[in-house]
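Data first, discussion second: the structure below is written as structure tokens.
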Amino acid sequence: MIAKERIQELAEERIAELNNGLYIVDLRVSTTNVIHVELDKIKGGVSVEDCMSVSRNIEHNLDREKEDFELHVSSAGLDKPFRHVNQYAKNIGRTVKFQMNDGTKYEAEIAKVLDDSVVITYREKEVLENKKKKELVEKIVELPLSEIKEAKIVITFK
């Protein structure tokens with residue numbers, strides 16, 4: 001089996017050369033040497049050229065005579081949950097669905113990212129003092145990253 005550490009080293013070597021904000025979101029190596037590398041960028045999207053460049057560096061530095069392998073290098077999909085803290089920072093200002101470990105759910109905009117938490121804002125109807133009907137009130141909540149079970153971008157077509 002090909003060592004995951006070796007794949008990570010080769011991918012990070014090329015990422016450092018590209019120096020364009022690329023980072024590894026997920027890296028898996030199966031027992032049958034099927035390698036999956038998912039990339040994202042701090043700003044903007046991952047290009048086909050980014051994926052090809054990382055893929056080539058991995059492929060050209062592994063010996064197929066020693067161990068056969070299958071390699072997949074792709075961008076982190078919009079429909080997939082966040083798996084890296086940089087994904088929260090990249091999506092400041094966007095609406096995200098959060099599922100917390102305790103079952104609580106939020107659909108909110110990311111306001112800012114701190115070292116170990118995310119600050120979100122959302123609007124909720126609430127009955128205010130001395131009023132009989134509900135009004136929209138803006139809520140600000142800080143979510144510890146350790147308490148977030150899943151976070152996904154809300155995809156809208158406007």
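We did not get these values from a lab; they are worked out from the coordinates using the rules stated. Everything numeric in this text was worked out from a predicted model, so none of it was measured. Cβ placement follows ideal geometry from the backbone for every residue including glycine, while neighbour counts extend to all protein chains displayed.
What residues from the range 86-124 fall in the zone where the backbone N is under 12 Å from a label point 7 Å along the Cα-to-C-beta line of Lys149? What the label zone holds, given the 12 Å backbone N cut-off, is 98-106.
Once you keep just the Cα pairs under 8 angstrom separated by 6 or more residues, what percentage relative contact order results for the chain?
Details: 261 pairs, mean separation 28.1, N = 158.
Value for the chain: 18 percent.
What does the C-alpha gyration tensor say about the overall shape of the range 4-75? Classify as rounded when a/c is under 1.5, otherwise prolate if a/b is larger than b/c, or oblate. Write down the numbers at each step before the final one.
Working: a/c = 2.14, a/b = 1.77, b/c = 1.21.
Judged from the Cα gyration tensor, the range 4-75 comes out prolate (a/c at least 1.5, a/b above b/c).
Using C-alpha positions alone, give me the convex hull volume of the chain per residue in cubic angstrom.
Details: hull volume 22.4 nm³, N = 158.
Dividing the Cα hull volume of the chain by its residues yields 142 Å³.
Take the Cβ atoms of Val48 and Lys112, set R0 to 41 Å, and the FRET efficiency comes out at 0.85. Distance between the C-alpha centres of the range 10-69 and the range 92-158: 34 Å, rounded to the whole angstrom.
Identify the trypsin sites (Lys or Arg not before Pro) of the range 3-45 meeting these criteria: DSSP loop state and at most 10 other C-beta atoms within 10 Å of the C-beta.
Values: sites: Lys4, Arg6, Arg14, Arg28, Lys41, Lys43; in loops: Lys43.
Of the trypsin sites (Lys or Arg not before Pro), the ones in loops of the range 3-45 whose Cβ has at most 10 other Cβ atoms within 10 Å are Lys43.
Sorting the segments 46-59, 96-109 by their residues' average number of neighbouring beta-carbon atoms within 10 angstrom, most packed first, yields 46-59, 96-109.
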